[in-house]
Amino acid sequence: FREASGKAIAPLAYLREKRKHSDDALRQFQIGLADGKLCQAAADEGFTDAELCAAGLMSEKTRKDYWRRGLLLYPHLLENQVSHFSQKDPSGKCDYQAHHRHRIPGCHFFNQDSIVGSSKIVVVEGQNDVISVATKGNYTTVIGTNGVPTGEQIKYLDGLDSLITVFA
């Protein structure tokens, strides 16, 4: 992450200072910072390389963590289980989310669990927008599309019996 001057900003400073997220908000949304040691920790717990690759946690090509050190990780929950991850890369070299083939079916949005049973939904573009609207705007039912809404996301929203407000 860089300031307008081009000066690098540490990932957590970016969240706290530039995006103005509180530590409570980061904990609430379970935002993490990759340390590059996930696969080793998982192997120490008995997980195999094949299991880690199948789950999308290990690169099949390099046999290293899918998320390299320094990436901000945003877990997407479905029925209170991590179903997908999106990420922010300070260097801009990595994709913005994990491969879709590892996503649990039915997981379409960041913060999707917040809209279960709701009659009013707020839809925004990104993860940081979700955190800002939910914590500063006091909206509890806000989801993020993580970019331009896909046909699958629009179909999902069309199937809801809710009042939907979209901020682009």
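Each value in this text was obtained by applying a stated rule to the coordinates, not by laboratory testing. All values reported here derive from a predicted model rather than from experimental measurement. Positions of Cβ are generated from backbone atoms using ideal geometry, with glycine treated the same way; all protein chains shown enter the neighbour counts.
Values computed for the structure shown
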item: Quotient of C-alpha Rg and 2.2 N^0.38 Å, computed over the chain; result: 1.08
item: Proportion of all alpha-carbon pairs of the range 73-166 beyond 17 Å (%); result: 48 percent
item: Under-5 Å amide H pairs with Leu77, H placed in peptide plane, nonlocal only; result: Ser83, Asn111, Gln112, Asp113
item: Among Gln81, Gly56, Phe167 - extreme Cα towards positive end, dipole of the chain, charges at beta-carbon; result: Phe167
item: Furthest towards positive pole of dipole, His108, Leu15, Thr141, structure part the chain, Cβ charges; result: Leu15
item: Mean Cβ count within 10 Å, highest first, over the residues of peptides 108-117, 62-71; result: 108-117, 62-71
item: Residues with amide H under 5 Å from that of Met58, placed H, sequence gap 5 or more; result: Cys53, Tyr66
item: Test item: Cα-centred dipole of the range 45-142, Lys/Arg +1 and Asp/Glu -1 on Cβ, debye; result: 280 debye
item: Relative contact order computed over the range 18-147 (Cα-Cα under 8 Å; 6+ residues apart), in percent; result: 20 percent
item: Kirkwood-based Rg to Rh ratio, the range 8-59, C-alpha trace; result: 1.14
item: Within the chain: Cβ-based charge dipole about Cα centre, in debye rounded to nearest 20 (Lys, Arg +1; Asp, Glu -1); result: 640 debye
item: Packing-based ranking, highest mean first, of 129-141, 146-158 given that Cβ atoms within 10 Å are counted; result: 129-141, 146-158
